[in-house]
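The following block contains the structure, expressed as structure tokens.
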Amino acid sequence: MRTGSINVRIMSRILDLLKFYGLRIILRQKIPLLASFKLTYRCNLRCSGCPFHLRAQEDNAQLTWEQALAGLQALKLKGARIIVFEGGEPLLWRDGPHSFNDLVLHAKKLFTTVAVTTNGTLPLDVPTDILWVSLDGLPGTHDSLRSGSFEQLWRNLKAATHPRTFIHFTMNSENWRDLEGLLEMLKEVPIVRGVTVQLFYPYGQGEAPLVLLPEERRAAVENALRLKEKYPLLNSRRSLAAMVDNKWRCHDDILINVDPDGHITQGCYAKDRGRICCHDCGFTPVAEASGAIDLSFGSLVAGARIFL
């Protein structure tokens with residue numbers, strides 16, 4: 001019975017995504033596929049590479065329940081299929097009697113897939129379809145970058161039971177050499193289904209200067225491509241390789257962003273969040289989604305492995 005219900009959900013997602021492709025490619029409607037939904041700037045960590053916790057004291061640093069529902073409904077009307085809740089730390093979000101899990105359950109009634117990206121320091125018992133945990137290196141490196149949080153994250157990760165748990169690793173000038181060692185460590189945590197990587201992006205909003213120099217960027221990408229041969233790195237080879245010099249076709253309108261003040265913007269992830277510099281782009285999810293729109297086989301497979 002459980003297998004049957006899972007198959008029904010997968011088929012429903014496939015049909016909905018086929019409908020999306022029909023609208024986007026055949027009818028040429030510029031509808032977004034993926035939504036970055038920032039619930040709050042508040043966070044229990046002070047990660048050196050993140051500019052968003054620096055805004056936690058702003059008047060509009062967190063969405064209310066009503067604002068969040070309105071944002072979700074607006075995204076539904078615009079045609080988005082996949083919602084990724086972010087922060088700050090999204091698992092901290094609460095408004096009166098309403099918890100993060102309440103919001104997830106509402107979102108699941110509206111969208112094909114609901115995901116969350118968390119720093120992993122809080123219990124990981126969330127009802128999202130996909131759980132991404134940000135892990136940025138071996139213990140010492142991660143602690144240096146992410147407020148000494150490795151031990152708590154690792155404990156929560158080992159206790160996790162979510163069936164679609166992934167690690168997200170942001171390569172920067174201090175941690176990219178840790179990737180292989182981290183992938184080896186993750187063998188201890190069989191609940192983790194795979195790892196996605198992106199490259200640090202300099203927003204110019206007060207975060208630490210962790211950008212990869214051109215030679216480091218090439219070395220980091222080539223290292224990740226090499227490691228794909230023996231570890232479950234889920235990025236496609238095409239999209240990873242394209243990040244070396246960022247000569248890939250970007251369909252930035254495939255992405256739509258919601259910020260904690262309720263503002264909605266379709267386009268680049270950095271739009272209204274920091275400086276926009278395509279040369280420095282490290283947003284592999286956008287590269288992958290753009291590849292999928294162009295019917296790149298590798299990007300389609302990568303998306304299916306994560307979202308289906």
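The values are calculated or read from the model by the stated rules, or taken from the named source; none is laboratory data. All values derive from a computational prediction rather than experimental measurement. As a convention, Cβ positions derive from the backbone with ideal geometry for all residues, glycine included, and neighbour counts pool all protein chains shown. The protein model used for the area step is the full one, side chains on, heavy atoms only, and it has no ligands, DNA or RNA in it. Shrake-Rupley method; radii C 1.70, N 1.55, O 1.52, S 1.80 Å.
Let me know the Kirkwood hydrodynamic radius for the chain, please, with Cα pairs as the basis and the value in Å to one decimal.
By the Kirkwood definition, the hydrodynamic radius is 19.6 Å.
Largest first, what is the accessible-area ranking of ARG164, ARG28, ARG55 with a 1.4 Å probe?
In descending accessible area the options line up as ARG28, ARG55, ARG164.
Calculate how many DSSP beta bridges within the chain are antiparallel, expressed in % of all such bridges and rounded to the nearest 5.
Among the beta bridges of the chain, antiparallel pairing accounts for roughly 15 percent.
In terms of modelled amide H atoms, which long-range or inter-chain residues lie less than 5 Å from the amide H of GLY194?
Under 5 Å from the amide H of GLY194 lie the amide H atoms of ILE167, each far enough along the sequence or on another chain.
Using a Förster distance of 35 Å, how high is the FRET efficiency between THR265 and THR161, based on the Cβ-Cβ distance and rounded to 0.05?
0.50
Would you please report the Å³ per residue occupied by the convex hull of the alpha carbon atoms in the stretch 64-199?
114
Starting from the amide H of ASN235, placed 1.01 Å from N in the peptide plane, find each other amide H under 5 Å away whose residue is 5 or more places distant or on another chain.
VAL197
Based on Cβ point charges of +1 for Lys and Arg and -1 for Asp and Glu, what charge dipole magnitude is obtained for the stretch 90-147 about its Cα centre, in debye rounded to the nearest 20?
It works out to roughly 140 debye.
Please give, to one decimal in nm, the separation of the simple spin-label points placed at ASN101 and SER48, each 7 Å out from Cα toward the Cβ.
Calculated label separation equals 3.6 nm.
Moving on to the next point. With each label point set 7 Å from Cα along the Cα-Cβ vector, what nm distance links LYS76 and ASN7?
In this crude spin-label approximation the distance works out to 2.9 nm.
Sum -39500 (n - 2.57) across every DSSP H segment of at least 4 residues in the chain, then divide by the residue count to get the 222 nm mean residue ellipticity, nearest 500.
When only DSSP H runs of four or more count, the value is -10500 deg cm²/dmol.
Please work out how much length the chain gains when fully extended from CYS277 to ASP294, using 0.36 nm per residue of separation minus the C-alpha to C-alpha distance, in nm with one decimal.
Length gained between CYS277 and ASP294: 3.9 nm.
Are any of the pairs LYS76/LYS230; LYS187/LYS247; LYS247/LYS271; LYS230/LYS271; LYS158/LYS247 more than 29 Å apart by Cα-Cα distance, and if so, which?
Pairs exceeding the cut-off: LYS76/LYS230; LYS187/LYS247; LYS230/LYS271; LYS158/LYS247.
Something else about it: Span-like helices, the chain: DSSP H, alpha-carbon axial extent 24 Å or more, mean Kyte-Doolittle 0.5 or greater, which ones?
Passing helices, by number: none.
About its Cα centre, how strong a charge dipole does the chain have in debye, to the nearest 20, once Lys and Arg get +1 and Asp and Glu get -1 at the Cβ?
1180
Per residue, how much accessible area does the stretch 72-174 have with a 1.4 Å probe, in Å²?
Ligands and nucleic acids excluded, the figure is 35 Å² per residue.
What residue among LEU33, LEU122, LEU15 shows peak mean-square fluctuation when the chain is described by a Gaussian network model with Cα springs under 10 Å?
LEU15
Next question. Counting Lys +1, Arg +1, Asp -1, Glu -1, what net charge surrounds ASP253 among other residues with beta carbon under 11 Å of its beta carbon?
+3
Mind listing the phi-derived Karplus ³J(HN,Hα) values for the stretch 138-145, rounded to whole Hz, using 6.51, -1.76 and 1.60 with θ = phi - 60°, and x for any glycine or proline?
3J(HN,Hα) across the stretch 138-145, in whole Hz: 5, x, x, 5, 4, 4, 5, 7.
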